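No lab work stands behind these numbers, since they all come straight from the coordinates. Everything numeric in this text was worked out from a predicted model, so none of it was measured. All Cβ positions, glycine included, derive from the backbone under ideal geometry; neighbour counts span all protein chains shown.
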Amino acid sequence: MKLEQISENTYYIPGAINIGVIRVKNDAVLIDTGLDREAGRRILRLLEKNNLKVKAIINTHSHADHFGGDRYIVRRTNAKVYAPEIEAGIIQYPFLEPLYLYSAHPVKDLMNRFLMAEATKVDFVLNVKNKTELDFGGEFPIVDVLPLPGHSPNQIGVEVDNVLYCADSVFSRKVIKKYKIPLFMDVERQKQTLSFLEKSEYEHYVPCHAETTNDISELVESNLDVIRKVEEFLISLKEGTTEDILRKLCQEFEIKLNNFTEYYLMMSALRAYLSYLYNEGLLAANFDEVLYWKVTRLDKVG
Ligand SMILES: [Zn+2]
């Protein structure tokens, strides 16, 4: 693990997820903390080696691999935790994650460390409708948080010194190749987020699951491309139950679901497309013993 500098005050720690670090003298603000206490321990050790004290943690969203190290770090540093609304609920009550994936008391397999990190108290719940300034006092530069929803309901990005820490708003080609269909829980807002990123002109972008870059357009394009392909495929199916559609989608995209976690995450990704297409008027729903989806219009969505 090492601390890579981006600009005067901005750094990141490359790893399973890229952790953001905003630094002023011996104080640091962390952006996300990794999967678990071991990740938290390694981050803290690295910061201590660099004479840095953690003042605050900004969690971009509530997936376990982004806030799992919070508790370990908070207990040792008294750092204050910032997180957006909704996401803060899950960070404080991680059981909500398997609960909403399963939509009832979950099977025990879903209560695992990838879906349920240790709970942490969130000190500042952020309502981020627009760019919002966070004040860390002292000589800290202006830190703005901004909405990047889609991958999760209220995901935020962090902007400082013309660097955008853009969380899971885009995934690398490698990640897309591996998982085939990345998890976007709100397709409409994900498209808006991608369009915002496309038009943006930051000097540096730090996604959590892709290399840092000066030009985000290629990443935006490959993420948009997979969204378009899924939409087109779903429209081409014409009709089916959710389970029928999931099976066909997995065949088409060569996805093998091996366990409850993979099944429910993919189901979540699919349901996001179904609600989006239904809300746009391109799908109809019939209730004939089971829920049956039917394509109503063949035109393309925006
Ligand atoms: Zn995520």
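What to note about this one:
- Check on Gly69, surrounded by fewer than 21 Cβ atoms within 10 Å (Cβ to Cβ), without any contact (Cβ under 8 Å) to a residue 60 or more places away in the chain and within 16 Å of the ligand (Cβ to nearest atom): no
- Checking each residue in the stretch 159-180 for being within 15 Å of the ligand (Cβ to nearest atom) and either surrounded by fewer than 20 Cβ atoms within 10 Å (Cβ to Cβ) or more than 22 Å from Glu262 (Cα to Cα) (or both) picks out Tyr165, Cys166, Ser172, Val175, Ile176, Lys178, Tyr179.
- Here is the figure for the stretch 182-203: residues that are within 16 Å of the ligand (Cβ to nearest atom) and surrounded by fewer than 16 Cβ atoms within 10 Å (Cβ to Cβ) total 0.
- Tally, over the stretch 101-138, of residues that are free of Cβ contacts under 8 Å to residues at least 24 places away in the same chain and within 16 Å of the ligand (Cβ to nearest atom): 0
- Checking each residue in the stretch 204-230 for being crowded, with 16+ Cβ neighbours inside 10 Å, part of a helix (DSSP H, G or I) and under 18 Å from the mean Cα position of the chain (by Cα) picks out Leu219, Val220, Ser222, Asn223, Leu224, Val226, Ile227.
- Exclusive hit being within 16 Å of the ligand (Cβ to nearest atom) and either closer than 26 Å to Glu8 by Cα or free of Cβ contacts under 8 Å to residues at least 40 places away in the same chain (or both), set Pro147, Pro141: Pro147
- Looking at Glu97, Glu8, just one residue is charged (D, E, K, R) and more than 16 Å from Ser152 (Cβ to Cβ), and that residue is Glu8.
- A single entry from Phe196, Phe233, Phe253 fulfils the requirement of being more than 19 Å from the chain's Cα centre (by Cα), among the aromatic types (Phe, Trp, Tyr) and farther than 19 Å from Arg173 by Cα: Phe233.
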